[in-house]
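Here's the structure we're looking at; comments come further down.
Here, each number is a calculation from the coordinates, and none is a lab measurement. What you see is a predicted model; the values in this text were computed from it and never measured. Counting neighbours? That spans all protein chains shown, and the Cβs are built from the backbone with ideal geometry, glycine included.
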């Protein structure tokens, strides 16, 4: 029988600014890397009892923070708006919760389980999954979102250079699992069942973290539209999203008919492990449904100007 993984209690500070920083469970401040790291370690300590490389996790958390701030060798500071540091931190936390839910759904020692090394690998790939959007030293003239069409490949390259210096070096070839987060990508049948499972969980973490965000609608309008414009997907009369209104109008169908299908079919319905992690609750799905239902209501009323929240990207910059 699964134990209750989290107890949802209202946070004493209910201001919107505070709420907007919290994950869908209401328990973790996603703009506090220390809090995210503590939440991840708490889950891994319970699931793997010290069998994972905690030092590597802490080092990776520090490295991703340095990278987004512009302090990591060879990389320039993050200048993306939608794909920010908060999203990377949340994707890693969501991945950890999926792994925990998966583990709780299988008997201890089951061959179907995910071992400690592969669990940590999945979390690191989730944590770094968008690092390919960060410009390199010789790319100062670019805007990060211009790299969107190739950023997954760049992330694979980064991880292939990063992992050999760690205790996960035997798993460096599995950096390719990052490719499952690409919007147009089919997980190859040639990948092993274990690789397909881990890739599905990483991609699920990426998508669920985005569309369950409390400010998902505003971030689509204000941030994602601009990122799409950087590589021709938006902002031009002949582009799929010529204006922000069109992007919002197409969002419900995109989520319900494209993303949901990928989550349920291509990604093996891995999101069900979030419910297992929470022992039956699913605040992520509830948040997604709230976002889409509210947007539909606004579109039906013709008053999308009701989206008045003004989210700010979180990239770890101190200035």
tail above 30 Å in the computed P(r) of the chain, as % of all Cα-Cα pairs, reads 30 percent
Compute the distance in nm between two label points, each set 7 Å from the Cα along the Cα-to-Cβ direction, one at residue 286 and one at residue 143. 3.8 nm
Remind me, relative contact order of the range 38-155 in percent, using alpha carbon pairs under 8 angstrom and six or more residues apart? 30 percent
When 218, 90, 256, 152 are ranked with the fewest other C-beta atoms within 10 Å first, the list becomes 256, 218, 152, 90
Taking 8 Å as the Cα distance limit and 6 or more residues as the minimum spacing, I'd like the relative contact order of the chain as a percentage. 22 percent
Quick check on the exposure proxy: order 278, 201 from fewest to most C-beta atoms within 10 angstrom. 278, 201
Extension length gain for residue 66 and residue 231 (0.36 nm per residue less Cα distance), in nm, is 56.8 nm
Mean-position separation - Cα centroids, the range 208-239 and the range 77-145, in angstrom: 21 Å
Rounded to the nearest 0.05, FRET efficiency between residue 245 and residue 59 (Cβ-Cβ, R0 45 Å) equals 0.50
Tell me, 185, 223, 128 in order of fewest to most beta-carbon neighbours within 10 Å? 185, 223, 128
Tell me, what is the percent relative contact order of the range 16-89, built from C-alpha pairs under 8 Å that lie six or more residues apart? 20 percent
